[in-house]
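Novice: Structure below; questions to follow.
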Amino acid sequence: MNAGFAQGSGGRLRPLERMTRAELARLMDNLLRQYLRVPGVVTQVVPGGVMVNVPGVTLRDLTVNGDLIVGDGVGDGACVLENVTVAGRLVVRGGGEDGIILRGGSSVAEVVMSRGGGTVSLKVESGADAGDIRIDEGSADVNLYGTVDTVAVEASGVRVKAFCASIGRIDVIGGNTGISVDAESVVGEVTVQGAAANTLLSVAGAVAGVTTAAPGTTVEGLGKVAWVEVRCGADNARVETSGTQIQTASR
């Protein structure tokens, strides 16, 4: 409200009333200052939120002073950020296995993965920086490449695969989730919250440790998992990785 993004009729915001089409259009116009609908290299954007809604766009040497939305119109195509700083969030609603590529000195503090159906990849190349990644409920399966600080898997029934990745922490919140860590990947700690029943963690690479409070958790694979802490509520948890130290805790 203070930023002027949301305004109701007469200059008043009425949160309990239905938003009119005119108010929704004004809100979207305020939030998104530029729509990119033509493939090619873009080196300048206007201040504010930006939506990419076509495959084959490369953003280069610029700053987005708002959210950057990779829209549904990108489909199964790719979007490249090259030396791009995103001051807001990177919201991924489109893109396929070729994915969203961060390269050069690109920096994004928060990434929201919210494509519905299929598989979408986020590729963080050497020199680029991706902070916190949130995988929304209803998201497509997600492939992660490169260095990432944290991943929060809020979606249920999603498959998240790490390829040649270095991930500081993974928090699993949604149930029936599959996490796969390939032989070239390293993960710090994986935390499986109580509601994330039937989570499967398959490890070919290395995971420092796992904490689970969810029933039906399975840790398997030929990789290295140093320790697993099984907390209250993690009934029928199975740890099948070789050499893993198993700890129990009542809390």
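Taken together, the values in this text are just the output of simple stated rules run on the coordinates, not laboratory data. Everything numeric in this text was worked out from a predicted model, so none of it was measured. Note: ideal-geometry Cβ built from the backbone for every residue, glycine included; neighbour counts use all protein chains shown.
Novice: Identify which of the listed values of Cα extents along the principal axes in Å was calculated from the structure shown: (1) 61, 43, 28; (2) 50, 39, 36; (3) 56, 45, 40.
Specialist: (1)
Novice: Taking only Cα atoms, what is the 0 to 90° angle, nearest 10, from helix 21-31's long axis to the longest principal axis of the chain?
Specialist: Helix 21-31 sits roughly 70 degrees off the main axis of the chain.
Novice: 7 Å from Cα along Cα→Cβ at both residue 220 and residue 184: what's the point-to-point distance in nm?
Specialist: Reported label-point gap for residue 220 and residue 184 is 2.5 nm.
Novice: Beta carbons within 10 angstrom, averaged per residue: use that to sort the peptides 88-98, 231-241, highest first.
Specialist: In decreasing order of mean packing, 88-98, 231-241 become 88-98, 231-241.
Novice: Going by average Cβ density within 10 Å per residue, which order do the peptides 209-218, 179-188 take, highest to lowest?
Specialist: My ranking of the peptides, most packed first, is 209-218, 179-188.
Novice: What full-extension length gain, to one decimal in nm, is calculated for residue 72 and residue 46 as 0.36 nm per residue of separation minus the Cα-Cα distance?
Specialist: 7.2 nm
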